[in-house]
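Below you'll find the structure, written out as structure tokens, and then a few comments.
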Amino acid sequence: MKLYNDPRDKRVFVPNKAGGVSLNFGHPIAWWILILMTIIPLIIVAGVTIAVVL
């Protein structure tokens with residue numbers, strides 16, 4: 001799997017050859033999208049787990 005990284009490309013989402021889109025990791029917003037898509041589900045799972053345990 002290759003990651004798309006082109007800082008000169010202003011698009012955050014770039015089309016794939018196989019269809020769909022990829023993040024352009026040369027764009028700073030792509031890193032924020034990746035971080036938020038990882039952290040927010042972890043917070044939800046931790047919150048539900050704590051609520052069930054208590």
In the chain the accessible area split gives carbon plus sulfur, as whole percent at 1.4 Å, a share of 74
Hits in segment 5-28: amide N under 15 Å from the 7 Å Cα→Cβ extension of LEU34, namely 5-7, 12-14, 22-28
For the chain, the per residue accessible area (1.4 Å probe, Å²) is 87
Rounded to the nearest 10, the angle in degrees between the Cα long axis of helix 28-53 and the longest principal axis of the Cα atoms of the chain comes to 20
Both in Å, the radius of gyration and Dmax of the C-alpha trace of segment 4-54 are 15.9, 50
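The values are calculated or read from the model by the stated rules, or taken from the named source; none is laboratory data. All figures in this text were calculated on a predicted structure; none of them were measured in a lab. Every residue, glycine as well, gets a Cβ built from its backbone with ideal geometry; the counts of neighbours run over all protein chains shown. Each accessible area value is taken on the protein alone, full model and side chains, heavy atoms only, with ligands, DNA and RNA left out. Shrake-Rupley method; radii C 1.70, N 1.55, O 1.52, S 1.80 Å.
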